[in-house]
Structure formats: C-alpha cells, structure tokens
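Read the structure below first, then the notes.
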Amino acid sequence: MTASPAPRLAPSLALQLRHTANCVRAVEQGRSLTDVMPEVPGDLRPGVQALTFHVLRELGAARALVASLVQRKPDPAVSALLCSAIALLLLPPPAEPSNEEDGTSAPASEAKGRSAGLHYAPHTVVNQAVDAARQDRSTQRQAAFVNACLRRFLREREHLMNSVADDPVARWNHPAWWIERVKRDHPQHWRDVLSANNTPGPMALRVNPRHTDRAAYQQALLAQGIQSEPAGADGLVLAEPQPVERLPGFAQGHCSVQDTAAQLAAGLLLEGREWAAGDRVLDACAAPGGKTAHLLERAEVDLLALDVDPRRCERIHHNLQRLGLQAEVRAADAARPGDWWDGRPFDAILLDAPCTASGIVRRHPDVRWLRRASDVDQLVAIQRQLLEALWPLLKPGGRLLYCTCSVFRAEGAQQVRAFLERHTDAREIPSVGHLLPGLAGVHDEFNDNPPGGYDGFFYARLDKASA
C-alpha cells in the first residue's frame, strides 16, 4: 500500500521575515516591488508579498519606533528587519494564541484584507525575527541586538507609542511632503485619503460583454462560491479577492481584473455618439492594455495602442489575445508623433498620462516611499508635453480624455486649467474630476461610490471645436 505524502508545511515566519526585510530594504534603495517581488522564491511569494505590503503600510510608524529604540542608526539590513517585525507587533495578537513557535500555523495572506493571516503572538514574532537575523549573513551578528530591541518594545510599548504619537509621518505612514500636499489639495478629505491608502483596495472585475453579460457572470461566480456586487456599467466588486485561476472563464476572456475607477475611462471617452468601424481612436499610453481592451469591448473602432516600452507592448498583445480583441499595437513615444503618426487625424484620444501614481497606493504601498517631492513637477512637465503633442492629432469636433491615477491637483485639475488657457479651441465637458481613494468624487454631481470605493483618479474630457 502506497503511503500518503506528508502534508506540506507552510514556510516559517522566520524565512518569510527574512525575505520581507530584503524587499523593504530594496524599496528603501529605490526599487519598485514590481521589480523586486519576482526575485522571491515562488512558494514564498504570496506570504512575503502580504507581509511586505503590511510593513510598507506601517513603515512610518515602524521607522519612528526603531529610532526611539536605538541610540545609533543600525545597519540598513538590521533596520529593515526591525521595521518588519515591529510592523507585525503593531497588529493585535490572534484571539487564540498559537503554540507553534515557528509561526507556520498562521501563514501570511493578503487575500482577506490588510492584516488577515498576519496576526501572530508577540513572542512568536520576536523569536522568529531573531531566527531570521541568524539566517542571514548581513544580520546574523546582530541577532542579540534584534532580540533586545524587540523585547524592549514589548515591555515599553505604551511609552514608545506615545513618544511618536505627534509625528505625522508615524501617524499617517506617508512622507511628510506627501502629507502636506494632500492637505493642501484636499483640505476637507486629506485624513480620509491617507487612511484609505493604508488599507488594500477590493478586487474588481470588468465583464467582457462580447462573451457574456454581467448578470450571467455574477451567477457563474456565485456557483463557484464567490460573492460579488455590481459596480459601474460593466464591473463587479468581489467580496474577497481571488486568484484569477478561480474566476470562471478568465482564460477564455470572460472578464478582466480592473479597478472601478479605471473602468470609467471607456464610457467617458465614448459616451454621447455612435461609433463605427472606420472611427479612429488612439490610446496614447496604453500598457498594460486594460483601458484599450475596454474601449474595444464597448465599440467597433479602428484603435491604435502605443506604449514607449516594447516589453509592455507585449502585455497589451497578451491581454487583447485573451479577450479575443484586435488593435494595432506599436512601441513608440506618444510625445513624438513624427516617429509614428501617419497624418490621419483621430476621432478620439485617450491619454492616460504618466504620473506619480499617488491614487493607487492602496494597491501599490511602495509608491509613497519611492516618490520624491521633485517627481511631481517633472511628471507635470511630461503630461504637458504629451497634451501639446497629441492635441494637433485630434480632428475638429473630436474628443480627448485626459486621466491620471493621481490625487495631486497639479496632475489633474491644475494641468487641465493651464491647458484650456493655452488652447482656445478646447472645451472641457463636465466630467468626473478628482476621485479619491475609498470615497466618492469630490464633485457633488458625481456621487456614485462602488463597494470599497474607487482608487484615486482624475478625469477630464476635452472637446475640440469644429472647423
């Protein structure tokens, strides 16, 4: 009789903490998690990503507490490990403390929210952090120091927390310049914006009407035990995030993963007129192709999708192929039409411009720590350059939808206001304006708010005067 294989144990918390600290340190060195996470071994990646996301959402407080615990700033590798452990200790312990010293009884998971699966008994966190220090050559000589710091934090937690309570970076877990800019741009909502950034956004789907309808797909999800609620024209917000492999018909193109804020683009660009196969549409900064696909799902148009990065263009091709859609995809710089434009004007242009990504921090918690205050002005200049380059390519009577996944007004309302002052042939059509994370639109006339709210976005439609 063949013996059953032994059950596979979850990775130890020590091993996950070791990789988490390496990811946090990489972000502090200026690397994006999108680049760093693929370097984590595949079997560890889900847990390490969940831990890393949590640490980055608590990094302002964790750094301040580490500074209060030490007389001299520790080595960066030790500091990253201490921050990772303290971020876990900031969570309440599990309702039923585990007897497992290796931490494998509570594997980390981002699937159920900000901290689900991350609650460990304090002594487990300390012991596993010390083991993590011993396992890495860059920290093994400091294992006793890590132990002493963490045990002191447990003894003096209330005093230490009070000592950093007045530090805005520790309170809001954003850089000081970011906090001040959000305060200035959204004086009535800044606390809500910063708080929302420290919780994960819900998983939203866009149903492909060329394959199925939303009601039928919602029933297909329900048959798999997946609860959802309608949002927008084509969207469903899931009660709990799911691996795409669990989504019925995903590989066949029945749906795509896309936040409800991003799903607004197609409707805002296309609404108000009939579209025919000969109408020309440009998606100027298209990768990874979610908005490109949505436009093609909604209308039969002749669409050109551009992106400056050839590798990102491959992602557009892949997404369109899965969804059964066709478009011309070219690797080109939208700001240099002389390199790619054939001289035929477009009926509509979608410009999803490069920006700080300050509106999608719920999903990319590293963004706040990677950006610098000077980045805003640099990106505003790029946005202006793109607007100036693409406006002449639009037919008289055509329309351009400008959007950014940013909450900063310099990349939204202020950018559009300056453009309108320069172009008397442009007219802004009342639209969404600024959306804020987890909240409805700032404009009173836009009061829709799907489950879990929107990511932060800005939209403005600019119509060109007829000849």
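The values are calculated or read from the model by the stated rules, or taken from the named source; none is laboratory data. Everything numeric here is computed off the predicted structure, so don't read it as measured data. All Cβ positions, glycine included, derive from the backbone under ideal geometry; neighbour counts span all protein chains shown.
Do we find a residue being among the β-branched types (Val, Ile, Thr) and either touching a residue at least 60 places away in the same chain (Cβ under 8 Å) or in contact with a Gly (Cβ under 8 Å, 6 or more places away or on another chain) (or both) anywhere in region 379-400? No, because not a single residue in region 379-400 is among the β-branched types (Val, Ile, Thr) and either touching a residue at least 60 places away in the same chain (Cβ under 8 Å) or in contact with a Gly (Cβ under 8 Å, 6 or more places away or on another chain) (or both). Can you list residue pairs whose Cβ atoms sit under 7 Å apart, with the first residue in region 14-36 being assigned by TED's automatic domain parsing to the domain that holds VAL125 and surrounded by fewer than 20 Cβ atoms within 10 Å (Cβ to Cβ) and the second being modelled with pLDDT of 95 or more and outside any helix (DSSP H, G or I)? Count only pairs 6 or more apart in sequence or on different chains. Qualifying pairs under 7 Å: SER32/ASP366. Given the criteria in the same structural domain as PRO396 (by TED's automatic domain parsing) and in contact with a Cys (Cβ under 9 Å, 6 or more places away or on another chain), does ALA276 qualify? Criteria not met by ALA276. The residues in region 240-253 that are loosely packed, with under 15 Cβ neighbours inside 10 Å and either under 21 Å from the mean Cα position of the chain (by Cα) or among the β-branched types (Val, Ile, Thr) (or both) can be counted, and the count is 4. Condition check for LEU221 on (1) surrounded by fewer than 15 Cβ atoms within 10 Å (Cβ to Cβ); (2) over 21 Å from CYS405 (Cβ atoms): one failure, at (1).
Does any residue of region 430-443 turn out to be in contact with a Phe, Trp or Tyr (Cβ under 9 Å, 6 or more places away or on another chain), modelled with pLDDT under 95, surrounded by fewer than 20 Cβ atoms within 10 Å (Cβ to Cβ) and farther than 19 Å from ALA357 by Cβ? Scanning region 430-443, I find at least one residue that is in contact with a Phe, Trp or Tyr (Cβ under 9 Å, 6 or more places away or on another chain), modelled with pLDDT under 95, surrounded by fewer than 20 Cβ atoms within 10 Å (Cβ to Cβ) and farther than 19 Å from ALA357 by Cβ, so the answer is yes. Of the strands (runs of 3 or more DSSP E) lying entirely inside region 295-364, those containing at least 3 residues that are within 21 Å of VAL380 (Cβ to Cβ) and modelled with pLDDT of 95 or more span 346-352.
For region 9-26, a tally of residues being outside any helix (DSSP H, G or I) and among the basic types (Lys, Arg) returns 0. Hey, any hits in region 165-173 for a residue that's assigned to a helix (DSSP H, G or I) and among the charged types (D, E, K, R)? Within region 165-173, one or more residues are assigned to a helix (DSSP H, G or I) and among the charged types (D, E, K, R). Scanning region 254-273 for residues that are modelled with pLDDT of 95 or more and either in contact with a His (Cβ under 9 Å, 6 or more places away or on another chain) or more than 15 Å from TYR459 (Cβ to Cβ) (or both) returns HIS254, CYS255, SER256, VAL257, GLN258, ALA262, GLN263, ALA265, ALA266, GLY267. In a loop (DSSP other than H, G, I, E, B) and not β-branched (Val, Ile, Thr): is that true of PRO396 in this structure? No: the conditions fail for PRO396. Report whether or not ALA132 is more than 33 Å from the chain's Cα centre (by Cα), among the hydrophobic types (A, V, I, L, M, F, W, C) and on the phi < 0 side of the Ramachandran plot. Judged against the criteria, ALA132 is not a match.
The C-beta contact set for region 151-167 (first residue free of Cβ contacts under 8 Å to residues at least 60 places away in the same chain and assigned by TED's automatic domain parsing to the domain that holds VAL70, second residue in a helix (DSSP H, G or I) and not β-branched (Val, Ile, Thr), distance under 6 angstrom, 6+ apart or interchain) is empty. Take the conditions (1) closer than 22 Å to ARG322 by Cβ; (2) out of contact with any Ser or Thr (no Cβ under 7 Å at 6 or more places or on another chain); (3) not in a loop (DSSP other than H, G, I, E, B); LEU221 misses just one of them, which is (2).
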